[in-house]
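All remarks here apply to the structure that follows.
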Amino acid sequence: MARLRAGLLLIVTLATLWHLVFISVTLQVVAVIALVAYLLTLRGRLSAMAFGLLLAAGMVSLLTLWQSETPSRLLFEAAGRFAFFATFVVALSLLRLPAYRSRLVRRCGTAMLLQPPGRRYPILSAGSALFGIILNIGVLNLFACMIEKSNTLAAAQGRDWVRRVRQRRMMLALLRGFSLAPLISPMGIGVAVVLSSLPALRWIDLAPYVIGSALLIFLVGWGVDHLTGPHPAARSEDTPAPSLVPLGQFCLLLLGIVSLVFVLAWVLELRLPIAALVGAPVSAMAWLAWQRRRLGLLGVPGALVSLRRQLPWLVAPIGNEVVVLGAAGYLGQLCVALVPVASLGPLLSVIEPLGAANAVLAMLLVVGLAQVGVNPIVTVTLLVGLLPSLQIEGLTPALTGAALMVGWALALMSSPMTASMLILSRFTGVASTQIGYRWNARFLLACIPLLAGWFLYAAW
């Protein structure tokens, strides 16, 4: 069954990529049929959230058949959007295969964890953001495991309070850094959701807002860590900090992957999310081939064999991720088409005078709904399709998209119901509510007002 699921996802991915690059409706039909077959194989294996979103997608589909004048066209376009996000998850997941086998990745992790306390937060936070671009949520499992193994009572010289403080500071650095990955990466899922919903928008339009926000979040996190954490004596000269050369090498590798995506977008005249879908598998295969170059023929045959053998293992855990992201995109496409702007007149009369401040409200709405279990993917997908259609003065598409992406990042850092928070709770043995609300309280209280001010200043 695992190989069948992997094969169906591979068909979805290849057919969708071909359709996006060369515009083939026939292959889009093939992708949708393979996607439906894949979803049927997941029966009984979905999380409550994924199953709930799939059920909601089915109910909205029935509503579309009843309300829409062209239901078949709308449902086919929404199914194509589902296939697009499924392809996005698979394409980026392929990068995990060479990354998990890379000695460079392991050396980077060790070097970051063994830094002196004063430098550990910025290096670990920045490093997890960079690794999150490639490993996605896998960076949490990888680094959290390494933190737990290295943060022993012996390493704390028998002082349990030191061990607990180190655990809290390193886990928060990891969580906040991982949450920045969707902001700083042009290959991130947040960028894909926003740019695919707003065809006239480019990444370069988003960049000033999201990079400025990411820098602000990083500096606030570092400042809160420094002010609230203990300040041990400096490391003695006979135990120097590990070299950061491996991290520099990884940055060059990451720069090469991102550059390839931009080159593909320019040469093939593709939108950035589509170029990311093409560039990620190509980069994964090139990285795998480099790791197996001693096997001959530039390592290409060895890379293909590794991919064939390990693809079922690679895609087995991503079923819920595919369904949550794809169903959210599907629902967003249908809901925006079914909700006429004219019916929002009373709401529009309230929010229109606020102008650009609506971007701050949208950010807070994403964060707030995440606290009660509404996945940010769903909220962002709906709002990014709805808000620009209201044509509120001062609320530009770039400002809207950036605010929603920042709200998504803050939700990952605060909501006890997100996958990232549940993973850290499992490793630390600390309740996710304590991580999100007690450990992170000072950070959120400082960060949210500053981000609101940043967006109002940027709009002005």
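The values are calculated or read from the model by the stated rules, or taken from the named source; none is laboratory data. If you're wondering where the values come from, they're calculated on a predicted model, not measured in any experiment. A quick note on method: Cβ atoms are made from the backbone with ideal geometry, for glycine too, and the neighbour counts reach across all protein chains shown. Surface areas here come from the heavy atoms of the whole protein model, side chains and all, with no ligands, DNA or RNA. Shrake-Rupley method; radii C 1.70, N 1.55, O 1.52, S 1.80 Å.
Data overview
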quantity: Convex hull volume per residue in cubic angstrom - Cα atoms of region 393-460; calculated: 80 Å³
quantity: Sorted peptide list for 283-292, 109-118, criterion being average Cβ within 10 angstrom, highest first; calculated: 283-292, 109-118
quantity: Charge sum, other residues only, whose C-beta stays under 15 Å from Gly138's C-beta, Lys/Arg counted +1 and Asp/Glu -1; calculated: +3
quantity: Heavy-atom accessible area ranking, 1.4 Å probe, most first, across Leu424, Leu252, Leu219; calculated: Leu252, Leu219, Leu424
quantity: Accessible area of region 7-120 divided out per residue, in Å², using a probe of 1.4 angstrom; calculated: 49 Å²
quantity: Förster radius 22 Å - calculated FRET efficiency between Thr110 and Leu252 (Cβ-Cβ, nearest 0.05); calculated: 0.75
quantity: Accessible surface of region 279-350 [probe 1.4 Å, protein heavy atoms]: carbon and sulfur percent; calculated: 71 percent
quantity: Accessible surface of region 1-142, 1.4 Å probe, proportion on carbon and sulfur as whole %; calculated: 69 percent
quantity: Solvent accessible area, Å² - Leu260, 1.4 Å probe, full protein context; calculated: 50 Å²
quantity: The chain - Kirkwood radius from inverse mean 1/r over Cα pairs (Å); calculated: 23.1 Å
quantity: Gap separating the Cα centres of region 46-121 and region 182-222, nearest whole Å; calculated: 17 Å
quantity: Per-residue SASA entry for Asp225, accessible area with 1.4 Å probe, Å² rounded to 10; calculated: 20 Å²
quantity: Full-extension gain in nm, Thr26 to Gln391, via 0.36 nm per residue minus C-alpha separation; calculated: 127.8 nm
quantity: Per-residue ³J(HN,Hα) for region 45-61, Karplus 6.51 cos²θ - 1.76 cosθ + 1.60, θ = phi - 60°, Hz, x for Gly and Pro; calculated: 10, 8, 6, 4, 5, 5, 5, x, 5, 5, 5, 4, 4, x, 5, 5, 4
quantity: Relative packing of 32-43, 185-196, which averages over residues the other C-beta atoms within 10 Å, highest first; calculated: 185-196, 32-43
quantity: Hz values of 3J(HN,Hα) by residue in region 83-96 - Karplus curve (6.51, -1.76, 1.60), Gly and Pro given as x; calculated: 5, 4, 6, 4, 5, 4, 4, 5, 4, 6, 5, 4, 5, 5
quantity: Segments 55-66, 8-19 sorted - mean Cβ within 10 Å per residue, highest first; calculated: 8-19, 55-66
